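**Q** First the structure, which I've put down as C-alpha cells, then a few questions once you've had a look.
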Amino acid sequence: MSATTTAGKRIGILTSGGDCAGLNAVIRAAVHRATGYGWEVVGIREGTQGLLHRPVQYVPLNLSNVDGAMMRQGGTVLGTTNRGDPFAYPMADGTLKDRSDEIIGGYHELGLDALIGIGGDGSFAILHKLAQKGGFPMVGVPKTIDNDLGMTEVSVGYDTAVAVAVEALDRLQPTAASHQRVMVLEVMGRDAGHIALAAGIAGGADVVLIPEIPYSIERIAAKIQEVRASGRNFALVVVSEAVKTLEGTGVKKLLQGGEKRYGGIGDYIGEKIADATGAETRVTVLGHVQRGSMPSPRDRLIASAFGVHAVDLIAEGKFDRMVAWSNRGVIDVPITDAIARYSCVELDSALVRTARGLNISFGD
Ligand code: F6P
C-alpha cells in the first residue's frame, strides 16, 4: 500500500481486559508501522474508559515515546480495565446504564479514522458492538494468558505466562526433592487448561489437572504411589485454577465489590492428596505473577507481527477483523468468528497426547 493512498490517517489504539506481557510490544509495533504510513497514533487510556472521560483521556504515540525499551516492559503503558461494560455500565447508585453513546462520542471527538483494540473475547464482543453501533472501523489484536481465543493458534501473553509457570516448577522441584514433598502449583487459565498443560509438560510435572478432564483423587494418589515405587521421593502437581472440586463446583474468592475470581483449588487438591497418600504437601498459587513479567522473546515476536499486521489491515481497508497466528505466520479472520469460538484444550490434541506419552497423569 503506498503512502499516498494511506497518508493523513489518525488511528487510535487501546488495551482492554486483563493485562499480560507483550501488550507494549504490540503498541510499539503498531506505532512503527503507522508512522511508516505517515499516520498519527493516539493511545487511549484504560481501555474504553478513556473514551468515557471528558476530556477524552489519551496520549499521542510516536517514535520518540515508543522506543525499544517499551517492548521489554510488562503491563500496558496505556492502562487497561476488565470491568465496566459500556452497554451496562455500573453506576455509583448501583444501577446499570447504557453509556455506549458516550464512548462512541469520545471516539469521534478524537477524530479517529480507525481503532485497534488489543483484547480478549469479552473485550472484542464489546468493541465489535461499539464499532457496529458507532459506525467506526476497528481491528482486533488477540491477547490473553489463557490462550482461549478461537481462530488463532496463540494469543499475546500466553508464552510468557507458561514460561513463568515453568520457572516456578523449576524452583519447586529442588525444594520438593529436598523435603520429599508433593508440590502443588495452581496456575491461571480461567476456563481453559492451556497454561497448566503446557507448563506441566515443559516443567516435568507428574500430574496435570485441567478443567477439560475430570479427575479422581484415587487416580492422582495411584500416580503418586507409582512415583514413589519408582524410587523418586517427590512429585509435582499442576492444577489449573478452573478445575472443579469433586462435588463439581469451581473454587472462587470473593473480591471487594462483590466480584469473584478463581483461586483456591490448589489447596483443595493439596489436602486431598495429603489425606489419600500421607505425603507432606505444599501448595503454591502463582496468580498474577504469570501476567506481570517481561515478555518472552516469542511473545515479543508475535506481538510485533500482530501490531504490524493490524495497521496493514487498516491501510487495506479491512475491518472487523482480528489478526491471528497460523502456521508460522500472521493471518486475519472475522472478529465475530474469534468471539464465537472459545478454545479450550482438545482432548485429542498433540499436547494431551504428548503428556500421556510422558506418563503424566490427568487424574483420569
Ligand atoms: O483472563 C486472564 C486472567 O488472568 C485469568 O487467567 C484469571 O482467572 C483472571 O484473568 C484474573 O482476573 P483479575 O486480574 O481480574 O484478578
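**Q** How large is the dipole of the chain about the Cα centre if only Lys and Arg carry +1 and Asp and Glu carry -1, each at its Cβ, rounded to the nearest 20 debye?
**A** Values: 36 positive and 40 negative charges, 96 e Å.
About 460 debye.
**Q** Further question: Compute for the range 57-176: radius of gyration divided by Kirkwood radius, i.e. Rg/Rh, restricted to C-alpha atoms, rounded to two decimals.
**A** Using only Cα positions, Rg/Rh for the range 57-176 is 1.06.
**Q** What is the range 36-76 by shape, rounded, prolate or oblate, if you read a ≥ b ≥ c off the alpha carbon gyration tensor as root eigenvalues and call it rounded for a/c under 1.5, prolate for a/b larger than b/c, and oblate otherwise?
**A** oblate
**Q** Over the chain, with a Gaussian network built from C-alpha contacts below 10 Å, which listed residue (Thr48, Thr336, Thr95) shows the highest mean-square fluctuation?
**A** Among Thr48, Thr336, Thr95, the largest mean-square fluctuation in the Gaussian network model of the chain belongs to Thr95.
**Q** If you take the alpha carbon radius of gyration of the chain and divide it by 2.2 N^0.38 Å, what ratio comes out, to two decimals? Mind dumping the intermediate values first?
**A** Numbers: Rg = 22.1 Å, N = 364, 2.2 N^0.38 = 20.7 Å.
Normalised Rg, Cα atoms only: 1.07.
**Q** Considering Cα pairs under 8 angstrom that are at least six residues apart, work out the relative contact order of the chain and quote it in whole percent.
**A** For the chain, the relative contact order is 23 percent.
**Q** Residues of the chain: accessible area per residue at 1.4 Å, in Å²?
**A** In whole numbers, the chain has 42 Å² accessible per residue.
**Q** Over the range 247-349, what is the relative contact order in whole percent, taking alpha-carbon pairs under 8 Å and six or more residues apart?
**A** Relative CO of the range 247-349 lands at 12 percent.
**Q** Sequence gap at least 6, Cα distance under 8 Å: using those rules, report the relative contact order of the range 126-193 to the nearest whole percent.
**A** The normalised contact order for the range 126-193 reaches 27 percent.
**Q** Please list 105-113, 22-30 highest first by mean number of surrounding beta-carbon atoms within 10 Å per residue.
**A** 22-30, 105-113
**Q** Give the long-range amide H neighbours of Ala235: residues separated by 5 or more places, or on another chain, with amide H under 5 Å away, using H modelled in the peptide plane at 1.01 Å from N.
**A** Arg181, Val182, Met183
**Q** Sticking with this structure for a sec: Of all the accessible heavy-atom surface of the chain, with the other protein chains kept in place and a 1.4 Å probe, what percent is carbon and sulfur?
**A** Reported share for carbon and sulfur atoms: 51 percent.
The values are calculated or read from the model by the stated rules, or taken from the named source; none is laboratory data. Since the structure is predicted, the reported quantities are computational estimates derived from the model, not experimental observations. Cβ coordinates were reconstructed from backbone atoms using ideal geometry, including for glycine residues, and neighbour counts include every protein chain displayed. Side chains are part of the model used for accessible areas, which takes the heavy atoms of the whole protein and leaves out ligands, DNA and RNA. Shrake-Rupley method; radii C 1.70, N 1.55, O 1.52, S 1.80 Å.
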